[in-house]
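In what follows, a single structure is set out as structure tokens and then discussed.
The values are calculated or read from the model by the stated rules, or taken from the named source; none is laboratory data. As the structure is a prediction and not an experimental result, all values here were calculated from the model. Virtual Cβ from ideal backbone geometry, glycine too; neighbours counted across all protein chains shown. Accessible surface is based on the protein model in full, side chains and every heavy atom, while ligands, DNA and RNA are left aside. Shrake-Rupley method; radii C 1.70, N 1.55, O 1.52, S 1.80 Å.
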Amino acid sequence: MNTFDMLKWLGEKDPVKLEELFREARACAVRHVGTKVYFRGLIEFSNYCAKDCYYCGIRKSNTNVIRFSMEEDEILQCARAAQEMDYGSIVLQSGERQDETHICFVEDILHKIKAATSGKLGITLSLGEQTQETYERWFKAGAHRYLLRIETSSPALYKKLHPADHSFSTRRDCLRTLRKIGYQVGTGVMIGLPFQTHKNLVEDILFFKKEDIDMVGMGPYVPHGDTPLVPADHDPEENLRLGLVMIALTRLILKNVNIAAATALQALDPEGREKGVQAGANIIMPNITPTDYRKFYRLYDNKPCLDENALQCKSCLERRIEAAGAEIGYGEWGDSPHALKKSM
Ligand code: SAH
Ligand code: SF4
């Protein structure tokens, strides 16, 4: 598939033709990463953030947010619950902080989770930009995958979405540093951003390929009412369509990487994540953050599953995944064949 074909698909509105694309992408997923969908239990452990991305609900300038940080014991309890539910891995996510207290806290919790789960639970981090030294400390403490979305591969668009002291090249270099250290590296973008063109989206997929990414986590942009970015012409249906087409195209081009069906898909359509699986995704990140905190970690409006506890989320997802014709890879780390090939 060339750039021209990708652009054509991004503009395709005919549901019958789109179904064909999704079927092809799902078959490609089955061929290259297998029939299984893997769960990563997502723990959103703190909404303190030192950054001010214009699109994000927990940006530091949003004074309407009630800030929280989970205690170490609470995080450990979530990790144990993930293991009991037979999820192979967890993702620890929070706002970005580079202070030593935070770095030590994460380092410590990584050691404790590894000890409490006999090293069996895979740990992915999603804690933003850090120095090489910090990434190394966390790697040594037991994290083996890192998610850092580039947000957009266009430096010009990046500039429009962030304050002047947020840097595209620093973020891109972080991805390279993570790879050098030995992490499996995940990145992704938001889809349907103000000012974003279809050409930008094609370049995003080419960026994933060029940077030799192991996993892709991308999802529709969903506005948050307390941010400066709220667009006048936001079209949720169109963002959902584009989100699914992007999953399918990424699968067809990158083939053997892990691709997540982002929760933001579900904010736009109750069946958004199953549709993501049907379009070629093979990872789902069920939220296992305690319900009391979940409502304070709101990156965008209409965040789904605010009231369900972790077990309810699990059984609801099981039903949904099976209905989508896929199988769940319980108890496995589910590393992408792309990453495993490199480590051999
Ligand atoms: N602070 C870390 C991790 C938490 S934010 C970081 O920024 O990497 C995780 C992701 O949420 C971001 O990468 C961004 O792509 C996504 N996000 C933020 N605001 C969003 C919005 N309004 N709609 C959709 N996704 C959003
Ligand atoms: Fe902070 Fe991440 Fe939100 Fe940016 S996207 S404001 S770094 S939590």
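Of the residues Arg172, Arg59, ranked by 1.4 Å probe accessible area with the largest first, the sequence reads Arg172, Arg59. Distant-in-sequence amide contacts of Ile328, defined by a placed amide H-H separation under 5 Å and a gap of 5 or more residues or a different chain, comprise Val37.
Counting only heavy atoms of the protein chains and using a 1.4 Å probe, Ser169 has close to 50 Å² of accessible surface.
Only the Cβ atoms of Lys and Arg (+1) and of Asp and Glu (-1) were treated as charged; on that basis the dipole of the range 226-344 about its Cα centre amounts to roughly 480 debye.
What's the local net charge at Ser153, with K and R +1, D and E -1, over the other residues with C-beta under 15 Å away? My count for the surroundings of Ser153 gives +3. In a reduced charge model with +1 at each Lys and Arg Cβ and -1 at each Asp and Glu Cβ, the range 70-185 shows a dipole moment near 700 debye about its Cα centre.
Note on the chain: with neighbouring protein chains present and a 1.4 Å probe, carbon and sulfur make up 52 percent of its accessible heavy-atom surface.
Pairs exceeding 27 Å between alpha-carbon atoms, taken from Lys209/Lys341; Lys199/Lys342; Lys120/Lys180; Lys275/Lys295: Lys199/Lys342. Using a probe of 1.4 Å on the protein chains alone, the accessible area found for His234 is around 60 Å². When the charge dipole of the range 3-343 is built from unit charges on Cβ atoms (+1 for Lys and Arg, -1 for Asp and Glu) and taken about the Cα centre, the candidate among Gly41, Leu127, Ser154 whose Cα reaches farthest toward its positive end is Ser154. Placing unit charges on the Cβ atoms only, positive for Lys and Arg and negative for Asp and Glu, gives the chain a dipole magnitude near 860 debye about its Cα centre.
Net charge of the neighbourhood of Arg251, taken over other residues with C-beta under 13 Å away and scored Lys/Arg +1, Asp/Glu -1, is +4.
For a distance above 22 Å, tell me the whole-number percent of Cα pairs in the range 209-344 that qualify. Summing the P(r) of the range 209-344 above 22 Å gives 43 percent of all pairs.
Partnerless cysteines in the chain, where a partner means another cysteine C-beta under 4.7 angstrom, comprise Cys28, Cys49, Cys78, Cys104, Cys174, Cys305, Cys313, Cys316. Over the residues of the chain, the helix contribution to mean residue ellipticity at 222 nm works out to -14000 deg cm²/dmol, using -39500 (n - 2.57) for each DSSP H run of at least 4. Among the trypsin sites (Lys or Arg not before Pro) in the range 1-48, those located in a DSSP loop and surrounded by at most 15 other Cβ atoms within 10 Å of their own Cβ are Lys13.
Charge tally around Val277: other residues with Cβ under 9 Å, Lys/Arg +1 each, Asp/Glu -1 each, net +3.
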